[in-house]
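Here the structure is laid out as structure tokens; the discussion comes afterwards.
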Amino acid sequence: MIATEQQNLTAEIAELAGRHGRDRGALMPILQALQERHHQISEFAMQEVAALLDVHPVEVYSVVTFYAFLKAGKEGKFVIRLCRTISCDMREKDKVARQMENELGISFGQTTADGMFTLEWANCLGMCDQGPAMLVNDQVFTAVTFEKVHDVLEGCRRSFSVHPAPKGGH
Amino acid sequence: MNSHVINVKTRGPILFGGVTAGEGLKKALAMSRSEIISEVRASGLKGRGGAGFPTGVKWNLAAAALGQRKFVVCNADEGEPGTFKDRVLLSDYADLVFEGMTIAGLAIGARQGIVYLRGEYRYLLAPLEANLARRREEGLLGSAILGRQGFDFDVEIRLGSGAYVCGEETALIESLEGHRGEPRNRPPFPVDTGYLGQPTIVNNVETLALAASVLAKGAEWFKAIGTDKSTGSKLFSVSGDCQSPGVYEFPMGITIAQLLKVVGGEEAKAVQVGGASGHCVPAKQFERTLAFEDIPTGGSIIVFGPGRDMLKVARNFMEFFVEESCGQCTPCRYGNVALLEGVEMIEKGRCSMTHLNELKALGETMQISSKCGLGQSSSNAFLSIVTHFENEILGRPVPA
């Protein structure tokens, strides 16, 4: 990481600590904000947070590695979490999972080479009445079908494309 | 709000019925703290997260505890597989939930409330924040609520980050304090040593909404619904092999057979009551009741049709617990892995009766020796499935 990037991150963490406070209770909100903005919590970021909150960096590391939604390694811009728990499982989530892998060319637990998508399993998303369910970042999708998988992925790609489609029609 | 978030099937007598937000708080403000707690105690309301601890008793303990500050925590970490009723309450009845928190704050002498919202429900954050802002404008939160001098209370929403164990109240508090979500020993209980070491009540979303209803309509009205030991109504999250999955409100004490008839699941060969940590109930026991005195539940009902392979069900639950065990205590950390390996042996048709009995004994050991509710209940599903469906599970063909 180049020096200016590190300085920017340090400033950003200081700003987050200013907003959430410098006591230990501010740790989760700060880490959640970093995860959302940078799609990872790097070791450098953990050290900076630890210094500001006056805890050992290992404490921060132990928290980051405990929670499924916090990651030390880089994740894609879109994190797709497909529910694998019983009710979604009974609604054939395996078929949706295979289609997802085919569309993205990666397996669960991996990130696409362009850094766009990460594919993960999730435990119960609380959409058991409308499965199979998945989260794309914070957005929830229910009754996911093959067509829906394709449409959702295309929608993600479009929202990040260099030349967005002109508004108001095809 | 996205329409798919709400999937209410029956509108029952309490939450989805006659109570409107606002009534309960007005009545509470005209009462003393001890009168409020007496009313909740008299209603017989018990915790709706599944454990069924009497709410009035919990409030009374926190009210009597000495502390510089006290806290009201709403447990919205709805992670139990098959449970989604809090999602509906927070989407459609958030006012009733916040009102319940405010009344609890008044009753125990707390000025701060915290909603611990699971990270998976982050899409509910913006509408809930908007609701809180509106309540502040209307004088229902903040200083001198509804003009009552000295009664200050506000609510803050904090997010989880994908850990089932944080639904356990002491793990939830650890997470709020910026730690790994590892449960504490109890006692001391949160009512005297909770968030930041201060007296804290942790109540389920549904419990708080019901407490507001009790204050609005009175303990007698509430007690008239349900059974003697399980008063009031309950929200059931119904999923699996039935015609109409969704959220249902029924009086406590309904039988499984009655419930299955309403949801269109009469063909079921088994029902999982209480989610992954609950029990698998076979068809011959469908006359049993859903109530604290018979089968206690947080409301998760997963229906298994005649064609379901129950071993696959057991496997799914064990995979869940291997993943979600916090790893702190040995019976849970190793026990769930051993049970999952047992399921794999059974799948391959290579499990002797002797070995199955050893697995059952291990499951029973986990129930009595694990530190928290997760480990104490994680073998329930495995044990009830291998007990009730032995003929389906043993002697499976060896895969080629």
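The values are calculated or read from the model by the stated rules, or taken from the named source; none is laboratory data. Keep in mind that this is a model prediction, so the values were computed, not measured. A quick note on method: Cβ atoms are made from the backbone with ideal geometry, for glycine too, and the neighbour counts reach across all protein chains shown. Areas reflect the complete protein model, heavy atoms only, side chains present, ligands, DNA and RNA absent. Shrake-Rupley method; radii C 1.70, N 1.55, O 1.52, S 1.80 Å.
Remarks
- Three principal axis extents describe the C-alpha atoms of the stretch A:1-142; from largest down they are 47, 31, 23 Å.
- Remark: mean inter-chain Cβ contacts per residue of B:76-82 equal 4, using a 10 Å Cβ-Cβ cutoff to other protein chain atoms.
- If you wrap the stretch B:310-393 in the convex hull of its Cα atoms and look at it from every side, the mean projected area works out to 4.6 nm².
- Solvent-accessible area lost on pairing A with B (1.4 Å probe, both sides summed) amounts to about 3300 Å².
- Shape analysis of chain B based on the Cα gyration tensor places the equivalent ellipsoid semi-axes at 38, 23, 18 Å, largest first.
- Å³ per residue enclosed by the Cα convex hull of the stretch A:78-159: 76 Å³
- Built amide H within the under 5 Å cut-off of B:VAL115, gap 5+: B:CYS74, B:GLU156, B:ILE157, B:ARG158
- With the convex hull drawn around the C-alpha atoms of the protein assembly as shown, the volume per residue stands at 169 Å³.
- Restricting the calculation to Cα atoms, every distinct pair contributes to the Kirkwood radius of the stretch B:14-219, found to be 16.6 Å.
- Computed on chain B, with alpha-carbon pairs under 8 angstrom and 6+ residues apart, the relative contact order is 19 percent.
- Derived scalar couplings between HN and Hα for the stretch A:26-43 equal 7, 4, 4, x, 5, 5, 5, 5, 5, 4, 5, 7, 10, 6, 5, 10, 5, 4 Hz in order, rounded to whole Hz, by the Karplus curve 6.51 cos²θ - 1.76 cosθ + 1.60 (θ = phi - 60°), x for Gly and Pro.
- Protein accessible area in chain A, 1.4 Å probe - carbon and sulfur %: 51 percent
- Comparing the full protein assembly with the isolated chain (1.4 Å probe, heavy atoms, ligands and nucleic acids excluded), the residues of the stretch B:149-168 losing at least 30 square angstrom of accessible area are B:ARG158, B:LEU159, B:SER161, B:GLY162.
- Dipole magnitude (debye, nearest 20) for the protein assembly as shown, charges at Cβ of Lys, Arg, Asp, Glu: 820 debye
- Adding -39500 (n - 2.57) for every DSSP H run of four residues or longer, then dividing by how many residues the protein assembly as shown holds, sets the calculated 222 nm ellipticity at -13000 deg cm²/dmol.
- Heavy-atom accessible surface of the stretch B:157-284: percent carbon and sulfur, 1.4 Å: 48 percent
- Candidate lysines - alpha carbon under 20 Å from B:LYS27, same-chain residues fewer than 8 apart omitted: B:LYS217, B:LYS223
- Take the stretch A:78-159 with all the other protein chains still there, run a 1.4 Å probe, and you get 39 Å² of accessible area per residue.
- Extent along principal axes [Cα atoms of the stretch B:233-304; Å; largest to smallest]: 27, 23, 21
- The stretch B:100-165 shape via C-alpha gyration tensor axes, a/c threshold 1.5: oblate
- Take the Cβ atoms of B:GLU137 and A:PHE146, set R0 to 51 Å, and the FRET efficiency comes out at 0.65.
- Protein-protein interface of the stretch A:49-68, residues with accessible area decrease of at least 50 Å², isolated chain reference, 1.4 Å probe: A:PHE66, A:TYR67
- Axis of helix B:94-108 versus longest Cα principal axis of chain B: the two differ by about 70°, to the nearest ten degrees.
- The stretch between B:VAL57 and B:ASN357, if pulled fully straight at 0.36 nm per residue, gains 104.0 nm over its current Cα-Cα span.
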